[in-house]
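Read through the structure below, which is laid out as structure tokens, and then see the notes.
Bear in mind these aren't lab numbers, they're just calculated from the coordinates by the rules spelled out. Every value quoted in this text rests on a predicted model; they were computed, and no experiment measured them. Glycine gets a Cβ as well: all are built from the backbone with ideal geometry, and neighbour counts include every protein chain shown.
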Amino acid sequence: MAEGGAGGWPGVVHREGRTLMRLPNAPEITGQGPRAKGSGSVFHNPAMAGSRTRSVLLLRHAIETGILGDGAIYALDGLSATGIRARRWLNELPPDLAERMRITIVDLDPSALVWAKGSHEEFPPAHGCGQINPVEGDLRSVVLESGRHWVDIDPYGSPVPFIDTAIQSLARSSVIEVSATDTAALTGSSRHPLLRRYGARVRTDRLAHDSGLRVMLAMVAKAAARHDRAIEPLLSVWDSHHLRVSTRVIRSVEAANRVEGGLGWRMHSPTAEEVEASMASGLHHGTSLEQLPMNCLLPLNYPLNQSDSRVSGPLWVGAMGEASAMSSMTVERAIEACGPPAIGNDPVGWTEREFDLERRRVARSVRNISEEAGAIDAHHHIVVDDLATWLGVGAPPSPRRMVEALQKSGHRAGLTHYGRPSFRTDSPWEDVAEAARSLQPPM
């Protein structure tokens, strides 16, 4: 194995997606993250598997569409632990894309890097392309080498301490992916950490995770602007215990100067005056004030009482993703790239059923994302449980039937990849209300 040795080696063989690795112990595959990192020699969180699948697909899209240029791609897996994310990039990208990758993995724990290197040597990419360069150290110092096309920040807790230096390291056109597991703060349950770390407040309602993602995007946008850069969000996801945003970053002083135009507030139960201001700012669909919506977005310069319990923000009020990037994340594409085919003499000892379960996990990681792409720039994100209560209809309408009804009326609408049944649409609010009442008459 790799030089330096590692306590417990060879441990057990584990598979995630199409990629094999060694771990000290077999992980328990659940939908939640661990309560603590623990004191083991290597930290691996199987609850982040879906995040890593989406990372493979987004990286592929970025390379194929030219976002990262046409030469070598310098990527950094910033808090790599087992290195599984970087190893999945190499193993699950097509060979012609993988061979362009120049990947550095960074971790403070030297034993984790030994396990990562040992896994890479024993289970190299099936197509033979790609190397990883393990570096022991603090991401905040290692990342300062400039010209990186892809930087992944996946900390245990808040990503805030790492953002500024990561932004400074980026190439002229690049992508940064940022995870956060301090969801209690970002969703408003822990108000003081939210205010300290992100300078924001979030209403603890069913859109709290959406608001938390928008707070993260605002944080990245402001950091980018400090370094004469601007962001173009590609994908924003709430997945079990963590929030994650992925955004293109471009170097542009002019675009950075316009950062405040992408920031604002979310207002619950808005007044007619507030909805009118939202419409005037292009942040609300329609022109009628006859029926007021559950929520609306307001520009940053709108005069409001920030201690009002209805307010969330400051947060990102622009699109939370990019249509072509999200459209590329189909179930078929995910399984083709990341779903493991059953093999004989499997080193993990999986049965055909276990291979099938892994393919289902891969498919589930992109559920609804390609459909949501068609309405990702829409300002209405509607949780159907809230809609039923707000309109006084009998039971929450089916989000699928709501989408179909609104599309039939000529509006854009799509199911969301969100932890609660919901949809996005550019429909005027009165059309949303009419569709809901037609599906679930008032009580």
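Just a few scattered comments:
- Cα-based convex hull volume of the range 95-230 per residue, rounded to whole Å³: 136 Å³
- Fraction of alpha-carbon pairs over 40 Å apart in the chain - percent: 20 percent
- The range 325-400 and the range 218-258 have Cα centres spaced 24 Å apart.
- Between helix 399-408 and the chain: long-axis angle, C-alpha atoms, 0 to 90°, nearest 10: 60 degrees
- Relative contact order %, the range 375-443, counting alpha carbon pairs below 8 Å whose residues are six or more apart: 42 percent
- Taking one quarter of the surface of the C-alpha convex hull of the range 81-130 gives a mean projected area of 3.0 nm².
- In the range 309-443 the Cα-Cα distances spread across 10 Å bins starting at 0 as 12, 32, 27, 18, 9, 3 percent of all pairs.
- Counting other Cβ atoms within 10 Å as a rough exposure proxy, the listed residues TYR418, TYR302 run TYR302, TYR418 from fewest neighbours to most.
- Cα-only Debye scattering, the range 375-443: base-10 log of I(q)/I(0) at q = 0.13, 0.15, 0.25, 0.27 Å⁻¹: -0.29, -0.38, -1.10, -1.27
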